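Asks: I have a structure here, written as structure tokens, and I will follow up with some questions on it.
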Amino acid sequence: MRKYLSAYTTILSKQPFRYAYIDAFAGTGYRELKGTGIQPNLLSELADIEPQSFLQGSARIALECTPSFHSYIFIEKTKGKLAELQNSLSREFPEKAKHIMFIRGDANTVIQHLCERDWRLHRAVLFLDPFGMQVAWPTLEAIAKTQAIDLWILFPLGVAVNRMLTKDGQIDEKWKSKLDEIFGRRDWYDTFYEAD
């Protein structure tokens, strides 16, 4: 991620755009890794702890990036987590404090609102690292419509989706509805449970 962000800001520094780093599930800015708790299931071979470890500390990685982003937007729903993030980043990066925006709210709502702006002279890297299946399909559609946001998403395969995709295909209706939200429609079932 560090190499990507550095390459991104280097390239865009030669362009006429204003560019931002957006972290939609910012949390406290760090995460302690305990076990994954992943149970063997339909897609268990794809559920790996490595992405979790690789993406740890994304807020700090973005703030350490050179050249710098023009602005940083950190979104967090939980008041205490956002306060902790704000305190630690303001203390660690005082020279960038005026370029950092902290927004308390639902990530889907905030991102969809941000995507409504005029993006012709703006660009962004958006990092989505939900703790489960919080990203709704309309949010992904809004991001795509901007044609200006590079999206990094840590898809909740092991911690959510994999647990709901049973080997026998017998899935509770509540779980099917939640999977509909993340995949955008119901045809995911036929894709995953295609007859041999």
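The values are calculated or read from the model by the stated rules, or taken from the named source; none is laboratory data. The model shown is predicted, which means the values in this text are computed figures rather than measured ones. Every residue, glycine as well, gets a Cβ built from its backbone with ideal geometry; the counts of neighbours run over all protein chains shown. These area figures cover heavy atoms from the full protein model, side chains too; ligands, DNA and RNA do not enter into them. Shrake-Rupley method; radii C 1.70, N 1.55, O 1.52, S 1.80 Å.
Asks: On the accessible surface of region 91-130, probed at 1.4 Å, how many percent belong to carbon and sulfur atoms?
Replies: That fraction is 52 percent.
Asks: While we're here: Bins of 10 Å, beginning at zero and ending with the bin holding the largest distance: percent of Cα pairs per bin for region 89-145, please.
Replies: Pair shares across the bins are 18, 45, 30, 7.
Asks: So, one more: Ranking request for peptides 117-128, 17-28, 170-181: highest mean number of other beta-carbon atoms within 10 Å first, then the rest in descending order.
Replies: Top of the packing list down: 17-28, 117-128, 170-181.
Asks: Let me ask you something else. Set the Förster radius R0 to 35 Å, insert the Cβ-Cβ distance between Glu92 and Lys174 as r into 1/(1 + (r/R0)^6), and round the FRET efficiency to 0.05.
Replies: Working: r = 42 Å, r/R0 = 1.19.
The value I calculate is 0.25.
Asks: Which pairs, out of Lys98/Lys145; Lys14/Lys79; Lys77/Lys145, put more than 27 Å between their alpha-carbon atoms?
Replies: The pairs that break the limit, which is 27 Å between Cα atoms, are Lys98/Lys145; Lys14/Lys79.
Asks: For Trp152 and Arg120, compute 0.36 nm times the residue count separating them, minus their Cα-Cα distance, and round to one decimal in nm.
Replies: 9.5 nm
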